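J.: First the structure, which I've put down as structure tokens, then a few questions once you've had a look.
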């Protein structure tokens with residue numbers, strides 16, 4: 001399996017090189033040269049697989065023998081053996097039409113564990129097999145950082161630096177990152193918002209000489225391995241419903257800020273998974289909703305919300321979707337991204353916009369609606385949603401009919417966002433692992449939101 005850039009200016013690379021490259025050296029994002037196509041017979045046969053067995057089959061399609069199957073199986077088993085639920089991502093029925101796909105049973109109680117436990121183990125495997133230096137650089141709006149650190153902390157041959165926006169993540173998210181005192185972990189609290197952190201990361205990776213000199217590797221969803229790992233739970237959830245005779249008109253409602261989680265669903269659909277609707281849920285930072293409804297992709301005013309992991313204006317995975325929307329024409333994508341860099345906006349219309357609206361429904365959930373959704377589902381169904389999941393559920397309510405079944409992706413345990421839950425007078429008991437964070441010393445360095453300030457820290461650390 002070859003991987004190519006959305007901007008078309010690099011030679012095709014294999015899976016391991018794609019993982020190590022992270023951001024393509026031409027500034028684009030890596031995608032598989034061909035998306036594997038799955039027959040109905042294959043989908044039917046896979047219904048009986050466990051989550052790790054399903055992950056092994058799907059990863060094998062994209063790795064194509066580059067990692068021996070026995071080695072890959074061990075990577076998968078080690079990655080998902082850390083989860084608290086035997087199903088890894090169980091599907092919970094809440095009502096006749098709504099199911100919740102619980103993606104928070106990993107070590108840090110967030111959906112990012114599903115991809116980052118695997119990617120952390122994969123980086124360790126590559127480091128050992130290829131005698132490679134792995135210096136991981138990533139940015140987080142809250143959950144990625146803790147998951148990435150948990151995936152590689154203490155591992156030989158790997159160092160990790162994570163940027164987070166100072167004061168703009170939940171207290172639990174901050175504690176999960178900054179109470180880690182391993183020598184191979186550096187936390188930088190950046191003055192600014194997540195978009196500033198993400199911009200710094202992408203610009204440092206775009207400096208190819210700097211990236212190669214310091215062996216920088218990506219942990220964010222610009223890394224194609226993240227997306228591939230996230231496709232698995234769409235298949236798994238669909239299969240659980242299909243086994244119950246609910247395989248017709250299954251929708252997925254996905255809270256997303258960086259477009260990675262819903263792009264994984266889009267990839268699953270292109271592979272042949274018969275998804276009915278992909279519903280894109282955002283919050284008041286609703287650039288993606290405006291793109292779907294109006295065809296205009298343009299950052300607006302940053303808003304702090306009760307769902308801070310989606311407080312994102314510039315979605316790093318959006319370029320991958322543009323590539324497929326424009327018929328896999330790298331030249332068009334390159335021109336569009338140049339226009340975006342110059343003008344700060346991308347506008348599409350006509351048949352292209354109709355295609356977007358065929359691919360997605362979209363809804364931006366306001367703060368009050370987010371809280372009222374949490375309150376009503378706790379009252380009516382005794383099910384406590386975290387604020388991000390609540391956005392997904394609110395969007396599902398808006399766009400699904402009574403005869404349709406919707407799976408809303410639950411991206412985090414509600415205990416990670418108790419500040420919001422307390423606003424509606426709901427008391428919860430946090431898991432013991434989260435309770436244990438309180439009072440621990442924190443290790444972080446506050447820096448200005450500039451490339452130079454971050455690079456200075458990296459040079460001292462790496």
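The values are calculated or read from the model by the stated rules, or taken from the named source; none is laboratory data. All values reported here derive from a predicted model rather than from experimental measurement. Cβ atoms come from the backbone with ideal geometry, glycine included; neighbour counts cover every protein chain shown.
J.: Report whether or not residue 164 is surrounded by fewer than 24 Cβ atoms within 10 Å (Cβ to Cβ) and either modelled with pLDDT of 95 or more or under 26 Å from residue 52 (Cα atoms) (or both). Quick ask: steps written out before the conclusion?
T.: On the way: surrounded by fewer than 24 Cβ atoms within 10 Å (Cβ to Cβ): no; either modelled with pLDDT of 95 or more or under 26 Å from residue 52 (Cα atoms) (or both): yes.
No: the conditions fail for residue 164.
J.: So for segment 408-416 (the condition being over 22 Å from residue 171 (Cα atoms), touching a strand residue (DSSP E or B) at 6+ places or on another chain (Cβ under 6 Å) and either free of Cβ contacts under 8 Å to residues at least 12 places away in the same chain or crowded, with 16+ Cβ neighbours inside 10 Å (or both)), does at least one residue qualify?
T.: First, the residues of segment 408-416 that are over 22 Å from residue 171 (Cα atoms): 408-409.
Still in the running and touching a strand residue (DSSP E or B) at 6+ places or on another chain (Cβ under 6 Å): 408-409.
This time we only want the ones that are either free of Cβ contacts under 8 Å to residues at least 12 places away in the same chain or crowded, with 16+ Cβ neighbours inside 10 Å (or both), so: 408-409.
Checked against the condition, which is being over 22 Å from residue 171 (Cα atoms), touching a strand residue (DSSP E or B) at 6+ places or on another chain (Cβ under 6 Å) and either free of Cβ contacts under 8 Å to residues at least 12 places away in the same chain or crowded, with 16+ Cβ neighbours inside 10 Å (or both), segment 408-416 yields at least one hit.
J.: Quick one: residue 440 ticks every box in (1) part of a loop (DSSP other than H, G, I, E, B); (2) surrounded by 19 or more Cβ atoms within 10 Å (Cβ to Cβ) except a single one, so which number is it?
T.: (2)
J.: Got a number for residues in segment 121-139 being in contact (Cβ under 8 Å) with a residue 60 or more places away in the chain and in contact with a strand residue (DSSP E or B) (Cβ under 8 Å, 6 or more places away or on another chain)?
T.: Of segment 121-139, the ones in contact (Cβ under 8 Å) with a residue 60 or more places away in the chain are 122-123, 126, 130, 132-139.
In the following step, the residues that additionally are in contact with a strand residue (DSSP E or B) (Cβ under 8 Å, 6 or more places away or on another chain) were identified as 123, 126, 134-139.
Number satisfying all stated conditions: 8.
J.: So which residues in segment 425-437 are surrounded by 15 or more Cβ atoms within 10 Å (Cβ to Cβ) and either at pLDDT below 95 or in a loop (DSSP other than H, G, I, E, B) (or both)? Outline the logic, then answer.
T.: Pass one, segment 425-437, residues surrounded by 15 or more Cβ atoms within 10 Å (Cβ to Cβ): 426, 430, 434, 437.
Within segment 425-437, 426, 430, 437 qualify.
J.: Kindly indicate whether any position in segment 443-451 is crowded, with 17+ Cβ neighbours inside 10 Å and part of a helix (DSSP H, G or I).
T.: Looking through segment 443-451, none of the residues is crowded, with 17+ Cβ neighbours inside 10 Å and part of a helix (DSSP H, G or I).
J.: In the list 400, 389, which residue meets the criterion of being at pLDDT below 95, over 24 Å from residue 189 (Cβ atoms) and buried (at least 18 other Cβ atoms within 10 Å of the Cβ)?
T.: Working: 389 fails: at pLDDT below 95.
Every option except 400 fails the conditions.
J.: Could you list, in sequence order, the residues of segment 300-347 that are touching a strand residue (DSSP E or B) at 6+ places or on another chain (Cβ under 9 Å), under 29 Å from residue 420 (Cβ atoms) and free of Cβ contacts under 8 Å to residues at least 12 places away in the same chain?
T.: Scanning segment 300-347 gives no hits.
J.: Has segment 64-80 got any residue that is modelled with pLDDT under 95, closer than 26 Å to residue 309 by Cβ, assigned to a helix (DSSP H, G or I) and under 17 Å from the mean Cα position of the chain (by Cα)?
T.: no
J.: Would you mind telling me which numbered condition in (1) closer than 30 Å to residue 373 by Cα; (2) modelled with pLDDT of 95 or more residue 60 fails?
T.: (1)
J.: Moving on to the next point. Please state which one of 43, 20, 30 is touching a residue at least 60 places away in the same chain (Cβ under 8 Å), within 21 Å of residue 220 (Cα to Cα), in contact with a helix residue (DSSP H, G or I) (Cβ under 9 Å, 6 or more places away or on another chain) and in a helix (DSSP H, G or I).
T.: Working: 43 fails: within 21 Å of residue 220 (Cα to Cα); 30 fails: in a helix (DSSP H, G or I).
Going through 43, 20, 30 in turn, the sole match is 20.
J.: Could you identify the single residue in 143, 113 that is within 24 Å of residue 258 (Cβ to Cβ), in contact with a strand residue (DSSP E or B) (Cβ under 7 Å, 6 or more places away or on another chain) and in contact (Cβ under 8 Å) with a residue 12 or more places away in the chain?
T.: Working: 113 fails: in contact with a strand residue (DSSP E or B) (Cβ under 7 Å, 6 or more places away or on another chain).
Result of the check over 143, 113: 143.
For every residue, the table says whether it meets (1) under 24 Å from residue 413 (Cβ atoms); (2) over 21 Å from the mean Cα position of the chain (by Cα).
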| site | (1), (2) |
| --- | --- |
| 169 | yes, no |
| 173 | yes, no |
| 179 | yes, yes |
| 195 | no, no |
| 202 | no, no |
| 207 | no, yes |
| 215 | no, yes |
| 226 | yes, no |
| 230 | yes, no |
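J.: I need the full set of residues from segment 364-398 which are touching a strand residue (DSSP E or B) at 6+ places or on another chain (Cβ under 6 Å) and outside any loop (DSSP other than H, G, I, E, B), in order please.
T.: Once the filter is applied, which keeps residues that are touching a strand residue (DSSP E or B) at 6+ places or on another chain (Cβ under 6 Å) and outside any loop (DSSP other than H, G, I, E, B), segment 364-398 yields 364, 388, 389, 391, 392, 393, 395, 396, 398.
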